[in-house]
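I have placed the structure first, in the form of structure tokens, so that the comments after it can refer back to it.
The values are calculated or read from the model by the stated rules, or taken from the named source; none is laboratory data. Since the model is a prediction, treat every value here as computed from it, not as a measurement. Every residue, glycine as well, gets a Cβ built from its backbone with ideal geometry; the counts of neighbours run over all protein chains shown. Surface accessibility is based on the protein's heavy atoms, side chains included, excluding ligands, DNA and RNA. Shrake-Rupley method; radii C 1.70, N 1.55, O 1.52, S 1.80 Å.
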Amino acid sequence: MTDRQTTGKLYGVGVGPGDPSLVTVRAAELIGKADVIAYHCARHGRSHARAIAERYLTGSQVEERLMYPVTVETTDHPGGYRGALDDFYREASERLAAHLDAGRDVVVLAEGDPLFYGSYQHMHKRLAHRYPTEVVPGVTSISAAAARLGTPLVEAEEILTIIPGTLPEEELAARLAATDSAVVMKLGRTFPAVRRALERTGRLDDARYVERATMDGERTGRLADVDPDGVPYFSVAVLPSKVAALDSAGRPFEALDAAAGEAPEPVGEVVVVGTGPAGPLWLTPEARGALANATDLVGYTTYLDRVPVRAGQVRHGSDNKVEGVRAEFALELARRGRRVAVVSSGDPGVFAMATAVLEAACEDPYRDVPVRVLPGMTAAHAAASRAGAPLGHDYAVISLSDRLKPWEVIARRLRAAAEADLVLALYNPGSKSRTTQVGSARDLLLEYRSPQTPVVLARDVGGPTERVRTVALAELDPADVDMRTLLLVGSTQTRWVRRGGDTEVVWTPRRYPEEQQGS
């Protein structure tokens, strides 16, 4: 194979997941012509990659067995496990470099694909800039597992996440909750933590298990049924595509009455999901997972539009003024076996849908329907982050809307919070039909606060028309405020500071002045 060039050529060759017949034509060609065949192995000396490639070897090649000094994180090396491996990779790459310098072409065998969690990549990083190099892709264990399950991994706009099982359990749960489909690699001793993470995120029933895909001893099945004591390293957990699995036979609410005489289906659940004040960047992994797992999405149409469309899901949009009807609709869907996500902006427990759902869920016939509430980033916290840290000390949250409570109650609460010297986060300050509340609140607060008290006007935070600015309390103009605006009114201690150029920050000290602390 050597073409008398100054140096040999380095080849990283993927040999696939285990079945020698899945070795690509290019890989087989290179293995058969190589001067040197290199492969990694543990101390026992056996190499899965060599076993896969054995039928393509000629017997005349030089074989370089690259034996790991350690395979678990227990070593007396002064640099620890990582130090021992770094030394090994450096020494192994220099052994290969000696062959390349002598003009011999070197094929490094790699299970699956060379650049996908492969040992070859450590040779590549150390040698590819010094020698001519070619990487030959191979069939990954992920592709093999999906083929053996006979189930699509992803479809349409679904997102596939590849996760190493060695991550901490909390991180595993967060990643699993946030994705549509997933493959968890490197099971073995990590299997119990992976199983718990799947269970915590409500995805255990959907998870599939594949062991030794395309190898002797191959096994597939439901992950929930697997004995953790018998799980080898060569196994993966798979959360396949949901598009095919989702029941797309959802019916609109009007059809439920017509079906009232039908036998009830198994009870599903309602998850009230906080989506934050704007788009996907404000969404928690847990909330993202709940939205992905739902069969039905229920919510105010404007908020539903923020959630990506997924094939097989049924979306039920409605007007913003029918919260009670929307809550009962979601519970009725769940009572008939659907997994329902009620979409709420911000945090669902702050002036949002969680109260409406729980109020209805505490009445017959919905008392037995499971209901969960998932938190979200609140509008107040999002606005505060844009301004600096105005909520750095005690604060109160008050809605200025008098649709559900009289203005007298609102005024009494504003006065009490002002007398207590609390920072104020004012929700629902104004609308086309409510034009007097902002002016009334400003005048009331001026009885207790300096006219120069900073007021943050935060509109559409996180959205395409975001605008955040700060004005003095005395200069607060109601005409600048609408329903998409949130107001943050400082306390007597809140600072409004210009920092370099045109940058302004608003922050409230955590320490209260000693002369005002009292006994």
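Details
- When P509, P451, P464 are screened for being open to solvent by 50 Å² or more (accessible area, probe 1.4 Å), over 22 Å from K405 (Cα atoms) and within 35 Å of the chain's Cα centre (by Cα), only P464 passes.
- Filtering segment 473-488 to residues that are of a type outside the set (D, E, K, R), farther than 12 Å from V438 by Cβ and more than 34 Å from the chain's Cα centre (by Cα) leaves only A474.
- Residues that are within 30 Å of S431 (Cβ to Cβ) and either polar (S, T, N, Q) or open to solvent by less than 20 Å² (accessible area, probe 1.4 Å) (or both), drawn from segment 493-506: T494, V506
- Of the criteria (1) within 24 Å of the chain's Cα centre (by Cα); (2) at pLDDT 95 or above, which one L176 fails: (2)
- Some residue of segment 228-241 being at pLDDT 90 or above, open to solvent by 20 Å² or more (accessible area, probe 1.4 Å) and charged (D, E, K, R): yes
- Checklist (1) within 28 Å of M353 (Cα to Cα); (2) open to solvent by less than 70 Å² (accessible area, probe 1.4 Å); (3) of a type in the set (V, I, T) applied to T470, failing item: (1)
- Enumerated strands (runs of 3 or more DSSP E) restricted to segment 292-360, each holding at least 1 residues that are in contact (Cβ under 8 Å) with a residue 40 or more places away in the chain and either crowded, with 23+ Cβ neighbours inside 10 Å or of a type in the set (S, T, N, Q) (or both): 296-300, 339-344
- Scanning segment 107-134 for residues that are in a helix (DSSP H, G or I) and open to solvent by less than 30 Å² (accessible area, probe 1.4 Å) yields Y120, M123, L127.
- Of all the numbered requirements in (1) touching a helix residue (DSSP H, G or I) at 6+ places or on another chain (Cβ under 7 Å); (2) outside any helix (DSSP H, G or I); (3) open to solvent by 40 Å² or more (accessible area, probe 1.4 Å), R104 misses one, and that requirement is (1).
- Some residue of segment 451-459 being among the small types (G, A, S), within 22 Å of T503 (Cα to Cα) and at pLDDT 95 or above: yes
- Here G45, G59 are screened, and the one residue that is on the phi > 0 side of the Ramachandran plot and open to solvent by less than 40 Å² (accessible area, probe 1.4 Å) is G45.
- All conditions but one from (1) hydrophobic (A, V, I, L, M, F, W, C); (2) open to solvent by 60 Å² or more (accessible area, probe 1.4 Å); (3) assigned to a loop (DSSP other than H, G, I, E, B) apply to A147; the one that does not is (3).
- Residues being in contact (Cβ under 8 Å) with a residue 12 or more places away in the chain, surrounded by fewer than 18 Cβ atoms within 10 Å (Cβ to Cβ) and closer than 17 Å to L333 by Cβ - total across segment 361-402: 4
- Just one residue in the set A224, A244 is at pLDDT 90 or above and under 26 Å from the mean Cα position of the chain (by Cα); that residue is A224.
- The residues listed here are P114, P132, P152; of these, the one that is over 25 Å from A42 (Cβ atoms) and at pLDDT 95 or above is P132.
- Only residues that are at pLDDT 95 or above and either open to solvent by 50 Å² or more (accessible area, probe 1.4 Å) or closer than 21 Å to F116 by Cβ (or both) were counted across segment 193-211, and they come to 7.
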